[in-house]
Amino acid sequence: MERAGGRELHLYDTLTRQIQPVQASDGKQVRIYCCGPTVYRDAHVGNLRTFLLSDLVTRTLNFNGFKVDLVQNITDVGHMSEDFEEDKMIAQSKSEKRDPFEIARDYEAKFHKDCATLAITRARLYPRASECIELMIDFISKLLEMKMAYQGSDGSIYFNAETAIDYGALSGNKLKALKPGHRYEYEEAGAKRFHADWALWKAAGNRKEMIWQTPWGAGFPGWHIECSAMSLKYLNNHVDLHIGGIDLRFPHHENERAQSNPMVGGEAVTLWIHGEHLLFEGRKMSKSSGNVVLIEDLIERGIDPLALRFCFMENRYRSQMDLSWDSLKAAHNFLARIRKTYSATLSSGPKVTAQVSEFIDSIVEDFLNDLDTPKAMLKLRTLERLEMSAGEKRAIFEKLEVLLGLDLLSERPMRALPDAATKLLEARIAARAAKDFELSDSLRDQLTEFGILIQDTADGQEWSWLIDL
Ligand code: AMP
Ligand code: ZN
């Protein structure tokens, strides 16, 4: 295989269950596909941890001289909800009483904004499922021709799981072990020939929105076919690196592999990389537990969103990670301290010495070693105490910026007080004047949520940010 670039990145491949080198199979660029958001709601910080994975991979490859071609899909149709047995987009459209496409475009825009806030490298292309229907119809037609798919008694088109070579190799869920009656995802009862088959195309039934005409009648695509069709089309029939959260390993990626491999007559994806899940304060992040955290929740509390990026990097992508407000505040303070100390330090300019090069090299080595970012972040934390001049330390931050994306040398202005916090401060002054201490205590608690510390002095109420900037 031809080599492009310099030192190789090694990552854990779910298929071979081994650490493998990342290579450009065409000798030119590493073709990466990252499963994107389902745009019926905001991406929470857990989703963003997975999206950051493609950024860390891209930055590491670029830093080491490899070119990257990154594609990330936007799922705006066909992702069924496990709870409601309905397309997530349609369910949200009913609850918001808004057009599903309008909702999809709004959340897609918010996804891009959140990614930019976290300095996540942009993909070359963000194809939308709803705009790739022709591709999917072509793909399904070929599977039908190859007799790997059939039309079920309900009019939907199903993939014939028994025709897949080594189904289960990715997730360990072999066909023999998949029990009839166990629901792995939403399905119509009785319409399929075999219990492990899945829908490539779903017949419209009573559905009136987000449906398309096909040779097999009106309907809408399944979720797995979307990623097969888009990844092979936009990455020229091969994916060097396929990235997603661990929950996608089965059935999403197992089924995608079964669909894509016959299309290319071999392995369509070289390496399958999965990021582990994020917990928040010890619990799974879910709407029902009420602990969904968004980027805007961080901003509201005065926490620099790049502190989230730093926290993510303090954990390895394939370990489960527990995030907390305390770790975010600690990361925020660390970044603030570095910026304060090194941004304007030196008029004489940074100094690249042998010690500087050695330090940078060891950080890069950690990234190349299966993204051992926790080790690299620990080194960054100890750098403050190392015997090196401020100019040398500044040179390290400057050189590493494209790899780290932490904006360590910027000078950030003092944060403005959000309008809502100004109103709370005024309300508290009024409450104290009226001697309503119960209300004034509750307002203090609300201000704490904004990251604002209140002190009552002889001259009245004073406030400061709880965390340093
Ligand atoms: P979705 O928008 O639900 O399709 O999910 C987008 C991505 O986020 C997928 O790659 C999921 O595997 C991933 N994901 C979902 N929940 C979490 C979590 N708690 N931590 C990390 N990644 C997650
Ligand atoms: Zn996908």
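The values are calculated or read from the model by the stated rules, or taken from the named source; none is laboratory data. Keep in mind the model is a prediction, meaning the values are calculated, not measured. So basically every Cβ, Gly included, is an ideal-geometry build from the backbone, and we count neighbours across all protein chains shown.
Taking (1) out of contact with any helix residue (DSSP H, G or I) (no Cβ under 7 Å at 6 or more places or on another chain); (2) away from ligand 2 (no atom under 11 Å from the Cβ) in turn, Pro221 satisfies each apart from (1). Select from segment 263-289 the residues that are assigned to a helix (DSSP H, G or I) and surrounded by 17 or more Cβ atoms within 10 Å (Cβ to Cβ) and list them in ascending order. Scanning segment 263-289 gives a single hit, Met263. Condition (residue is touching a Pro at 6+ places or on another chain (Cβ under 7 Å) and within 16 Å of ligand 2 (Cβ to nearest atom)) applied to segment 226-236: is it met by at least one residue? Looking through segment 226-236, at least one residue is touching a Pro at 6+ places or on another chain (Cβ under 7 Å) and within 16 Å of ligand 2 (Cβ to nearest atom). Being in contact with a helix residue (DSSP H, G or I) (Cβ under 8 Å, 6 or more places away or on another chain), surrounded by fewer than 19 Cβ atoms within 10 Å (Cβ to Cβ), outside the structural domain of Ile19 (by TED's automatic domain parsing) and among the polar types (S, T, N, Q): is that true of Thr382 here? So Thr382 does not fit the description; no. No other residue among Arg316, Arg249, Arg207 is in the same structural domain as Ile74 (by TED's automatic domain parsing), within 16 Å of ligand 1 (Cβ to nearest atom), basic (Lys, Arg) and in contact (Cβ under 8 Å) with a residue 24 or more places away in the chain apart from Arg249.
The set of residues in segment 60-114 being among the aliphatic types (A, V, I, L, M) and within 16 Å of ligand 1 (Cβ to nearest atom) consists of Leu70, Val71, Ile74, Val77, Met80, Met89, Ile90, Ala91, Ile103, Ala104, Ala109.
Selection of segment 424-466 for residues being more than 33 Å from the chain's Cα centre (by Cα) and among the charged types (D, E, K, R) yields Glu426, Arg428, Arg432, Lys435, Asp436, Glu438, Asp441, Arg444, Asp456, Asp459, Glu462. Tell me, which residue of segment 252-268 that is within 16 Å of ligand 2 (Cβ to nearest atom) and without any contact (Cβ under 8 Å) to a residue 60 or more places away in the chain is farthest from Met313 (Cα to Cα)? Looking at the filtered set, the residue picked out is Ser260. Out of all the residues in segment 66-87, is one or more under 21 Å from Leu271 (Cα atoms), in a loop (DSSP other than H, G, I, E, B) and more than 15 Å from ligand 2 (Cβ to nearest atom)? Scanning segment 66-87, I find at least one residue that is under 21 Å from Leu271 (Cα atoms), in a loop (DSSP other than H, G, I, E, B) and more than 15 Å from ligand 2 (Cβ to nearest atom), so the answer is yes.
Taken as a whole, segment 320-328 holds at least one residue that is more than 30 Å from Thr422 (Cβ to Cβ) and either in contact with a Ser or Thr (Cβ under 7 Å, 6 or more places away or on another chain) or of a type outside the set (D, E, K, R) (or both). The condition of being away from ligand 2 (no atom under 13 Å from the Cβ), buried (at least 24 other Cβ atoms within 10 Å of the Cβ), outside any loop (DSSP other than H, G, I, E, B) and of a type in the set (Lys, Arg) holds for Lys202.
Filtering segment 64-99 to residues that are closer than 30 Å to Val402 by Cβ and among the hydrophobic types (A, V, I, L, M, F, W, C) leaves Phe66, Val68, Leu70, Val71, Ile74. Only one of these is part of a helix (DSSP H, G or I) and within 16 Å of ligand 2 (Cβ to nearest atom): Thr50, Thr58. Name it. After ruling out the rest, the residue left standing is Thr50. Count of segment 316-345 residues, restricted to those that are charged (D, E, K, R) and crowded, with 20+ Cβ neighbours inside 10 Å, is 1. Counting residues in segment 237-245 that are under 23 Å from Val71 (Cα atoms), more than 16 Å from ligand 1 (Cβ to nearest atom) and either touching a strand residue (DSSP E or B) at 6+ places or on another chain (Cβ under 8 Å) or assigned to a helix (DSSP H, G or I) (or both) gives one or more. Against the definition (part of a loop (DSSP other than H, G, I, E, B), within 29 Å of His277 (Cα to Cα) and within 16 Å of ligand 1 (Cβ to nearest atom)), how does Ser231 come out, yes or no? In short, no. Of Arg98, Arg122, Arg193, all but one fail to be surrounded by fewer than 20 Cβ atoms within 10 Å (Cβ to Cβ) and within 30 Å of Arg59 (Cα to Cα); the exception is Arg122. Scanning segment 1-46 for residues that are within 16 Å of ligand 2 (Cβ to nearest atom) and either farther than 30 Å from Ser93 by Cβ or surrounded by fewer than 20 Cβ atoms within 10 Å (Cβ to Cβ) (or both) returns Thr14, Leu15, Arg31, Ile32. Has segment 174-188 got any residue that is at pLDDT 85 or above and more than 18 Å from Ser81 (Cα to Cα)? Checked against the condition, which is being at pLDDT 85 or above and more than 18 Å from Ser81 (Cα to Cα), segment 174-188 yields at least one hit.
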